[in-house]
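As structure tokens, the structure follows; a few thoughts come after it.
The values are calculated or read from the model by the stated rules, or taken from the named source; none is laboratory data. This one's a predicted model, so the numbers in the text were calculated from it and none came from an experiment. As a convention, Cβ positions derive from the backbone with ideal geometry for all residues, glycine included, and neighbour counts pool all protein chains shown. The protein model used for the area step is the full one, side chains on, heavy atoms only, and it has no ligands, DNA or RNA in it. Shrake-Rupley method; radii C 1.70, N 1.55, O 1.52, S 1.80 Å.
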Amino acid sequence: MRYWVQVGERTFEVAVRAGEERITARVEGRDLEVQLEAGGPGQYTLLVDGRPYDLAAAPQGAGYTVLVQGVPFDVVVQDERQRQLSALEPSKTKVEGQAGIRAPMPGRVTLVDVTEGESVENGKRLVVLEAMKMENDITAPRPGRVVHVKVSKGQTVEQGQLLVVLE
Amino acid sequence: MRIKKLLIANRGEIAVRIARTCRDLGVSVVAVYSEADRAARHVRMADEAVHIGGAAPNESYLSVERILDAARRTGADAIHPGYGFLSENPTLAEGCQQAGIVFVGPSASSMRKIGEKTSARRIVAAAGVPIVPGATGAQTLEEVRRSAAEIGYPVLLKACAGGGGKGMRRVDSEGELADAYRAASSEAGTAFGDSALYLEKLVERPRHVEVQLMADGRGGVVCLGERECSVQRRHQKLIEETPSPAVGPELRAALFDAATRAARSVDYANAGTAEFLLDGNGNFYFLEMNARLQVEHPVTEEATGIDLVKEQLNVAAEGRLGISQEGVSSLGRSALECRIYAEDPYNQFLPSIGTLAVLQQPAGPGVRVETAAYAGMEVGLDYDPLLAKLVTWGADRPEAINRMRRALREYVVAGVKTSIPFHRFTMEDMVFLEGSYDTSFVERWFASAPGHEELATVAAVATVLLAARQPRTVASSVQRDGITSGWGAAARQSAMRWR
């Protein structure tokens, strides 16, 4: 089986062959003998050519957050079929000249400081997000006109959610 | 008198911490909890628990009325406020006094004098404590302009009622002053309901050193050592250690003297912390007095062997100190604390929420974990992102650091992002190991480019094997937006603040 694995901003192609005795993963042109053992909910040991790695995994968005020796990675896996399907999806390329301002953190919208149609300067405060006692001003990265305001005061947003579209 | 029943007006790890000492002393514990905290660990640990309102802090943990009402209903004879929430609110201290309940902290009048920054500066300066050059009262824009010209740029605009870096602005030249004044003033108004500002000389790349003290309200003050707190992000501490690598015996004696004077100048009682800025030339300046138990108090406890909460209850009930300066002379131990926050250090230390799918705490010689977290716990938006405090100690600094490295390696948290990777980086960093760091230390993390090529490959293979077991791991699209991390986004930092 072949898989495409997005780890942060990198993509790996991983081919897995399961033999009777052992599993071999081919990644970046190297064959690795691997074995995954569960050790409690969400915790695993991955043996790679006999070397143990301490792993923990939790669902996150469309994939998982995986900690390897304490270092976190956001990982999304696709198999061949899914890869083909996603290639057929209409591409979500941006409309020319528009910029989506997204939430850098999960939070609650405590203020919307712009209205649709308004022209804003570089650095103008658009939205204020609050989470865990911390307020975060979301400002315009460049001058432009506000085409859409996608959130309203009091709303809870996820990390990466679209807040405002600038033109 | 002896305290028999104590109400803890707080939540999270500090409520658990206080409850533990109560258990040791045979004091029964009343917990209060908000709607969001029904399943919280501090509630489970208590003898009685009172529901005090909604998840939003001002409907529960910030309501003086509801806290006092809970104390009256349960017959608690004392209230411990912990830190944050109502801990430095004189109204609760006053309310306790009127209700005949012991407040575990300083008097309302001490709190008022030391809590408002400009009046505190006036009072301690009169007592001979060095303060950063600048004003001792609220200033208009014109007054600020004049003082700034006198003491010279760069300067710092600060909120009179402030704290935690809110309503604070660095100003490098007169041209920036008016805009900075407006911004800081409006921020202070929103945050504290008081938009008054004052000006101070900016101390460049300072260190943050604080003195832990216990006082009896009648001039008796015992200093329990200093803590070095220079590793910060957004003016909030990440790591604390004692002794400070920057403090020798002479400077320590001078800091103790200044802290003692500051405490006496407001008839301070109970546990308090005098915070100082230390410049590169060994000059120090009083910053503020934290009129409460600090987050980082376990560092001092492990270095001295003294249970500060026990001493707090003792002073509050008896009106006298159970310890003496001679008795404190520290065990000669070094101790270190790493704050484990639900924040993503790869994304500007912004908050991270989710379910704690995996939680494995470290243990072993020289390791203490203060936490209210449990596997399966929801980490939500409502409260402070502090998940745990990891404290290690040793005969000397290298031993404490080695144990911290070991403990951080054992610590596994999955489900939310945490500051653990930052701490692991710090425990290997030359500048930290030398002890020569200042408040700009966190920039070293942002400047480092962790490759982790090998570990990324392992993550890829492991997730494929997981996907084969659990179909849900295989997803059809990548949802996460690429949020660029790194110091390039430094501008974002100035847009963040605590409330």
Checklist entry - Of the residues A:Asp31, A:Asp54, which single one is open to solvent by 50 Å² or more (accessible area, probe 1.4 Å) and more than 9 Å from chain B (Cβ to nearest Cβ)? => result A:Asp31
Checklist outcome for this item: If you go through B:Leu356, B:Leu277, the only one that is open to solvent by less than 40 Å² (accessible area, probe 1.4 Å), in contact (Cβ under 8 Å) with a residue 40 or more places away in the chain and within 21 Å of the chain's Cα centre (by Cα) is B:Leu277
Next on the checklist: So for region B:24-34 (the condition being assigned to a helix (DSSP H, G or I) and at pLDDT 95 or above), does at least one residue qualify?
Outcome noted: yes
Checklist entry - Being within 20 Å of the chain's Cα centre (by Cα) and surrounded by fewer than 19 Cβ atoms within 10 Å (Cβ to Cβ), is that true of even one residue in region B:289-307? => result yes
Checklist entry - open to solvent by less than 30 Å² (accessible area, probe 1.4 Å), under 30 Å from B:Leu466 (Cβ atoms) and modelled with pLDDT of 90 or more: does that describe A:Ala140? => result no
Checklist entry - If you take the residues of region A:122-137 that are within 9 Å of another protein chain (Cβ to nearest Cβ) and assigned to a loop (DSSP other than H, G, I, E, B), which of them is most open to solvent (accessible area, probe 1.4 Å)? => result A:Lys133
Next on the checklist: Can you say whether A:Thr65 is open to solvent by less than 90 Å² (accessible area, probe 1.4 Å), within 18 Å of B:Val458 (Cβ to Cβ), in contact with a strand residue (DSSP E or B) (Cβ under 9 Å, 6 or more places away or on another chain) and more than 7 Å from chain B (Cβ to nearest Cβ), as far as the supplied structure shows?
Outcome noted: no
Checklist outcome for this item: Residues in region B:168-196 that are more than 16 Å from B:Val155 (Cβ to Cβ) and either open to solvent by 50 Å² or more (accessible area, probe 1.4 Å) or not in a helix (DSSP H, G or I) (or both) total 7
Checklist entry - Any residue at all in region B:389-402 that is basic (Lys, Arg) and open to solvent by less than 20 Å² (accessible area, probe 1.4 Å)? => result yes
Item to check | region A:1-28 - residue that is at the interface with chain B (Cβ under 7 Å from one of its Cβ atoms) and more than 24 Å from the chain's Cα centre (by Cα) and, of those, nearest to B:Arg469 (Cα to Cα) | outcome: A:Val16
Checklist entry - So A:Gln43 clears everything in (1) at pLDDT 90 or above; (2) open to solvent by less than 20 Å² (accessible area, probe 1.4 Å) except one condition, right? Which one? => result (2)
Next on the checklist: If a residue must be in contact with a Lys or Arg (Cβ under 8 Å, 6 or more places away or on another chain) and open to solvent by 50 Å² or more (accessible area, probe 1.4 Å), how many such residues does region B:244-259 contain?
Outcome noted: 1
Checklist entry - Looking at (1) modelled with pLDDT of 95 or more; (2) open to solvent by less than 20 Å² (accessible area, probe 1.4 Å); (3) closer than 22 Å to B:Glu13 by Cα, can you tell me which one B:Ser334 breaks? => result (3)
Item to check | Those helices (runs of 4 or more DSSP H) lying entirely in region B:231-336 with at least 3 residues within 30 Å of B:Pro351 (Cβ to Cβ) | outcome: B:297-304
Item to check | Residue ID - nearest to the other protein chains (Cβ to nearest Cβ), chosen from residues in region B:415-462 that are among the small types (Gly, Ala, Ser) and under 20 Å from the mean Cα position of the chain (by Cα) | outcome: B:Ser419
Next on the checklist: Quick check on region A:94-101. Is at least one of its residues crowded, with 20+ Cβ neighbours inside 10 Å and facing another protein chain (nearest Cβ under 10 Å)?
Outcome noted: no
Checklist entry - For region B:28-48, what are the residues that are buried (at least 23 other Cβ atoms within 10 Å of the Cβ) and among the β-branched types (Val, Ile, Thr)? => result B:Val29, B:Val30, B:Val32
